[in-house]
Amino acid sequence: MSTEVQYLTTEKFNELQKELEHLRIERRKEIAEHLEYAKRLGDLSENAEYHQAREDQAEVEDRIGKLENLLKNAVMIGNGGTETITIGSTFRLQKDGDNKSYLYTIVGSEEADMTQGKISNLSPLGSALLGHKKGDQVAVSTPKGKVTYTIMILK
């Protein structure tokens, strides 16, 4: 298992803890019951229900292991509030040549979601922005070439 630090907001940490609890208590029980039922169906070597239940069991145990490791190595992030962009900072970015600006928050890779404006600290854009201040221009290499962004507001 990885011991890599994962940055999580309190909301995401709590969400992952709930998922882990559900898997440990409810999902394990459901799978155990399904396994018992499948065993009663007869020959295990040709029993598709049994093999599916074993696969489900392996997937659940794998997810439980990943969640336990992730939560054990989690570092809680705040809401920024500093003069420079850090993990947890919310800010407004404007791409050069574009009149619109977009609101983003830098989060850990586990909860990155561009549709919600959450950028991973490990992404090219996220890592390029870390440590910069309001008014700074940041150049980011993309597959289509360099793109320059201006940090408009830092919350």
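Worth a mention:
- Amide hydrogen neighbours beyond the local backbone of T90, cut-off 5 Å, H modeled: G81, K155
- Result for the chain in a Gaussian network model with C-alpha springs under 10 Å: among K95, K66, K39, the largest mean-square fluctuation is at K39.
- Taking 0.692 mPa s as the viscosity and 37 °C as the temperature, the Stokes-Einstein diffusion coefficient of region 6-76 based on its alpha-carbon Kirkwood radius rounds to 244 µm²/s.
- Added length on full extension, which subtracts the Cα-Cα distance from 0.36 nm per residue, A32 to T3: 7.4 nm
- Kyte-Doolittle mean at least -1.0 and Cα axial length at least 15 Å: DSSP H helices in the chain: none
- Dipole of the chain, positive direction: furthest Cα of L129, G42, G97, with charges on the beta-carbon: G97
- Each of Y102, Y50 was scored by other Cβ atoms within 10 Å of its Cβ. Arranged with the fewest first, they read Y102, Y50.
- Between L125, L93, L41, the residue with the greatest mean-square fluctuation in the GNM of the chain (Cα pairs under 10 Å linked by springs) is L41.
- Set K66/K146; K100/K155; K100/K146 screened for pairs whose C-alpha atoms are more than 29 Å apart: K66/K146
- Note on the chain: Rg/Rh from Cα positions, Kirkwood definition for Rh, rounded to two decimals, is 1.19.
- Two-site FRET efficiency, N79 against V140, from Cβ-Cβ distance with R₀ of 22 Å, rounded to 0.05: 0.40
- Comparing T86, T150, V75 along the charge dipole axis of the chain, the residue lying farthest to the positive side is T150, per the Cβ-charge model.
- Taking the Cα centre of region 6-76 as reference, the dipole from Cβ charges on Lys and Arg (+1) and Asp and Glu (-1) amounts to some 320 debye.
- Bridging of K95 to aspartates and glutamates at a Cα separation below 20 Å is possible for D113, D136, once same-chain residues fewer than 8 apart are set aside.
- Label zone at D56, where the point sits 7 Å out along the Cα-to-Cβ direction: region 9-39 residues whose backbone N lies under 11 Å: 27-38
Any read-out appearing in this document is the output of simple, stated calculations on the displayed coordinates, not a laboratory observation. Keep in mind that what you see is a predicted model, and the values were worked out from it rather than measured. Glycine also receives a Cβ, built like all others from the backbone with ideal geometry; neighbour counts cover every protein chain displayed.
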